[in-house]
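For reference, the structure is listed below as structure tokens.
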Amino acid sequence: MNRRYRKTIIAGNWKMNMTATEARGLFDELKPMISKAKWCEVVLCVPFVDIPLMRRLLKDSRVTVGAQNMHHEPSGAYTGEVSAAMLKDLGVKYVILGHSERRAYCGETDSLVNKKVLLALQTGLRPIVCVGESLEQREKNLTLDYVALQVKSALAGVPVEKLRQIVFAYEPIWAIGTGRTATAEQAAEVNTAIRTIIRKMYGARAARSITIQYGGSMNAKNAEELLAQFDVDGGLIGGAALKASEFAAIIQAANQ
Ligand code: PEP
């Protein structure tokens, strides 16, 4: 973390978990634990149908609500989809884009992710752009090349004045939901490489102010070491965000 130049952001990704009833229960548990989040921003990226409820419940807190996806077109005949404008209208601040599960199960490509990034920025939403390599790519020593491609592609057409709205999340696919976390050194290496790419594209000032998270089996035990890395500015947290005490412990690690 480097609090001088950029925000530390702890974001929970509930994925397809939590009915509205369950969400209320988790909120009741979390509420007394998260009020002390001073130094970091906390975001809950919840299923679309939980957004109105969570916005209401979190109205007087410092915790903001995010979504997990949006469509790449502004509106139109796309049955079952949700637009950026709809999210904005509900008071959503962040939207996860290009999560590896969407890339794998919904065929999302780098160019589609780029379209979504541009539309999110235009609509006033802050994209949390996920990038990360497969185990095979890591074993073939392709991690940095692959992540560089994803980052450059996501940023195509993004002007420097909008760059600060973007958050990157380095999420090695082999670490997501597996309990196998990247070491602090591995996370730091890739996060630093991402910042270097951004420096080359946009200059040093822009690069130092962008938040780059780590995600992939982050939990109460490993959060402190991961967040101690200079270029790891927070976490995108799946499984551990569904347990109040685990999530609160990660926030606490970010608050130190
Ligand atoms: C994620 O879904 O973005 C994630 C990091 O999941 P988990 O923390 O469960 O690995």
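List of remarks:
- The chain: C-alpha pair distances exceeding 23 Å, %: 46 percent
- Length released on extending from THR178 to LYS243, taking residue separation times 0.36 nm less the Cα-Cα span: 21.8 nm
- When both region 77-136 and region 1-37 are represented by their alpha-carbon centers, they are found 20 Å apart.
- Rounded to the nearest 20 debye, the dipole magnitude of the chain is 940 debye, with +1 charges on Lys and Arg beta carbons, -1 on Asp and Glu beta carbons, and the Cα centre as origin.
- Derived scalar couplings ³J(HN,Hα) [region 104-120; Karplus, 6.51 cos²θ - 1.76 cosθ + 1.60; whole Hz; x for Gly, Pro]: 6, 9, 10, x, 6, 9, 4, 6, 5, 4, 4, 4, 5, 4, 5, 5, 4
- Among the listed pairs LYS7/LYS31; LYS31/LYS162; LYS88/LYS162; LYS59/LYS93; LYS59/LYS116, those beyond 24 Å (Cα-Cα): LYS31/LYS162; LYS59/LYS116
- Under Karplus coefficients 6.51, -1.76 and 1.60, residue-wise ³J(HN,Hα) of region 123-139 in Hz, glycine/proline x: 8, x, 9, 9, x, 9, 8, 8, 9, x, 9, 7, 4, 4, 5, 5, 5
- Nonlocal amide H pairs with LEU97, under 5 Å, H built at 1.01 Å: ILE128, VAL129, CYS130
- Distance distribution P(r), region 147-211, all Cα-Cα pairs, bin width 10 angstrom from 0: 19, 52, 23, 6 percent.
- For the chain, accessible area per residue (1.4 Å probe, heavy atoms of protein chains only), Å²: 46 Å²
- Scalar couplings 3J(HN,Hα) for region 76-90, obtained by applying the Karplus form with A = 6.51, B = -1.76, C = 1.60 to θ = phi - 60°, are x, 7, 10, 3, x, 9, 10, 8, 4, 5, 5, 5, 4, 4, 7 Hz; x denotes Gly and Pro.
- Of all aspartates and glutamates in the structure, the ones whose alpha carbon falls short of 14 Å from that of LYS152, not counting any fewer than 8 places away in one chain, are ASP110.
- Computed helical MRE - 222 nm, the chain, DSSP H runs ≥ 4 contributing -39500 (n - 2.57), nearest 500: -12000 deg cm²/dmol
- Backbone N within region 92-133 under 15 Å of label point (7 Å from ALA156 Cα along the Cβ vector): 108-119
- Interchain or long-range residues, amide H under 5 Å from ILE237's placed H: ALA11, GLY12, ASN13
- Selection among VAL131, GLY239, SER61 by position relative to the dipole of the chain gives SER61 as farthest towards the positive end (Cβ unit charges, Cα centre).
- Net dipole in debye of region 36-166 [+1 Lys, Arg Cβ; -1 Asp, Glu Cβ; about Cα centre; nearest 20]: 600 debye
- Share of alpha-carbon pairs per 10 Å distance bin for region 1-122, given as whole %: 12, 41, 34, 13, 1
- Among CYS106, PRO74, ASN2 the positive-end extreme of the charge dipole of the chain (Cβ point charges): ASN2
- Cα-based shape type of region 126-256, given that a ≥ b ≥ c are square roots of the gyration tensor eigenvalues and the cut on a/c is 1.5: oblate
- The charge dipole of region 204-249, taken about its Cα centre with unit charges on the Cβ of Lys, Arg, Asp and Glu (plus for the first two, minus for the last two), comes to roughly 120 debye.
The values are calculated or read from the model by the stated rules, or taken from the named source; none is laboratory data. Just so we're clear, the structure is a prediction, and the values are computed from it rather than from any experiment. Because the Cβ atoms are built from the backbone with ideal geometry, glycine has one as well, and the counts that use them run over all protein chains shown. All accessible areas refer to the heavy atoms of the entire protein, side chains included, with ligands and DNA or RNA removed. Shrake-Rupley method; radii C 1.70, N 1.55, O 1.52, S 1.80 Å.
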